[in-house]
Amino acid sequence: MNTKHTLGPWYATNAAGDAQGLVIAETTGANIAVTYRPEDAALVAAAPDMLAALRDAYAHITLLGSGEQPPLSNAEMCNVLGDALAKATGGWK
């Protein structure tokens, strides 16, 4: 897969008392984004996980529609989606 964005995972952080959030690439420590509110940094940091979950869900649904068996069960696919949502929202599950 050819991507033009910085590969994840990313994490959200902010300095104590800082009114902004930071999004950092886990593998390189590179600064990915600055948010005006620390609460928004988790959503931005979850972008690679949500993209991966969306791609997995698309492949899963496509296989179901073709009659082929997807590699994950429906429950496992829901867990993949739930994990991405939990990272984005700070606790979906």
- Message: Give all pairs with beta carbons closer than 7 Å in which a residue from region 10-37 that is more than 15 Å from A88 (Cα to Cα) and of a type in the set (S, T, Y) meets a residue that is modelled with pLDDT of 95 or more and assigned to a strand (DSSP E or B); count only pairs at least 6 apart in sequence or on separate chains.
- Response: none
- Note on the structure: The residue that is nearest to the chain's Cα centre (by Cα), considering only those in region 52-64 that are over 11 Å from V80 (Cα atoms), hydrophobic (A, V, I, L, M, F, W, C) and open to solvent by less than 70 Å² (accessible area, probe 1.4 Å), is A59
- Item | All positions within region 45-82 that are among the acidic types (D, E), at pLDDT 90 or above and more than 24 Å from K4 (Cβ to Cβ) | E76
- Note on the structure: In region 1-24, anything outside any loop (DSSP other than H, G, I, E, B) and open to solvent by 70 Å² or more (accessible area, probe 1.4 Å) is listed as Y11
- Message: Take A75 and tell me if it is open to solvent by less than 50 Å² (accessible area, probe 1.4 Å) and hydrophobic (A, V, I, L, M, F, W, C).
- Response: no
- Query: If A42 passes every condition in (1) surrounded by 16 or more Cβ atoms within 10 Å (Cβ to Cβ); (2) of a type outside the set (S, T, Y); (3) under 16 Å from the mean Cα position of the chain (by Cα); (4) closer than 27 Å to N2 by Cβ but one, which one does it miss?
  - Reply: (4)
- Query: Could we say that E68 is open to solvent by 70 Å² or more (accessible area, probe 1.4 Å), in a helix (DSSP H, G or I) and among the charged types (D, E, K, R) here?
  - Reply: no
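The values are calculated or read from the model by the stated rules, or taken from the named source; none is laboratory data. It should be emphasised that the depicted structure is a prediction, and the values quoted were computed from it without experimental measurement. Every residue, glycine among them, receives a Cβ derived from its backbone with ideal geometry; neighbour counts consider all protein chains shown. The protein model used for the area step is the full one, side chains on, heavy atoms only, and it has no ligands, DNA or RNA in it. Shrake-Rupley method; radii C 1.70, N 1.55, O 1.52, S 1.80 Å.
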